[in-house]
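To start, the structure under review is shown below, and the notes come after it.
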Amino acid sequence: IKEIESKKKGKKREYDPFAIKRSGDARIALFGMTNVGKSTLMNAITNSKSKTGNFSTTTTSALGGTCMYDGVQIQLVDLPGFVYYNDDWKINKQIIRVSRTSDAILMVIELSSEVKAQYDFLLEQLQKAEIIMDGDPVVPIKIIATKGDLSYSKDYYELLKSFSAYEILPITI
């Protein structure tokens, strides 16, 4: 006991940039690749001021915001995006950890390129996180398809619809 206590005294608590206190009636994670519009979506529907930019890894830690819908307070969690389909990015585990604490997942897929690659990679991450088990999600999953206002996005939207197992909600951010 003395040994454990002496070790505790010397340790300082580390700041966890992914620790977001749960609030509201439900928590929904924005889950997607880097630079697909998760933070822009977050800012549009919550009281948050998530930093946005036209470059990879603008969001480097999780950020929470809330909104009301039909009398229900919903906490959205803006997560950093996965980078270049890389399974080994150092914060992937933290993205997965926060996603596991959510009551629903919004996969954010950009309609300007590689929708099949984005979809497959995100599903693989959700399966690794055991948010999808034996092909079935343990929480509700929907897809927000961003950048739907671009001229060629309609073709990518139709392609996404052709293989997606989840409802797709296209938006223009």
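Some values worked out for this structure:
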{"quantity": "Enumerated helices (runs of 4 or more DSSP H) restricted to the stretch 62-173, each holding at least 2 residues that are in contact with a Leu (Cβ under 8 Å, 6 or more places away or on another chain), free of Cβ contacts under 8 Å to residues at least 60 places away in the same chain and surrounded by 15 or more Cβ atoms within 10 Å (Cβ to Cβ)", "calculated": "115-128, 153-163"}
{"quantity": "Residue check for residue 53: more than 16 Å from residue 30 (Cα to Cα) and either touching a Ser or Thr at 6+ places or on another chain (Cβ under 7 Å) or at pLDDT 90 or above (or both)", "calculated": "no"}
{"quantity": "Identity of the residue in the stretch 78-107, at pLDDT 85 or above and among the aliphatic types (A, V, I, L, M), that ends up farthest from residue 143 (Cα to Cα)", "calculated": "79"}
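The values are calculated or read from the model by the stated rules, or taken from the named source; none is laboratory data. Keep in mind the model is a prediction, meaning the values are calculated, not measured. Note that each Cβ is placed from the backbone with ideal geometry, even for glycine, and that neighbours are counted across all protein chains shown.
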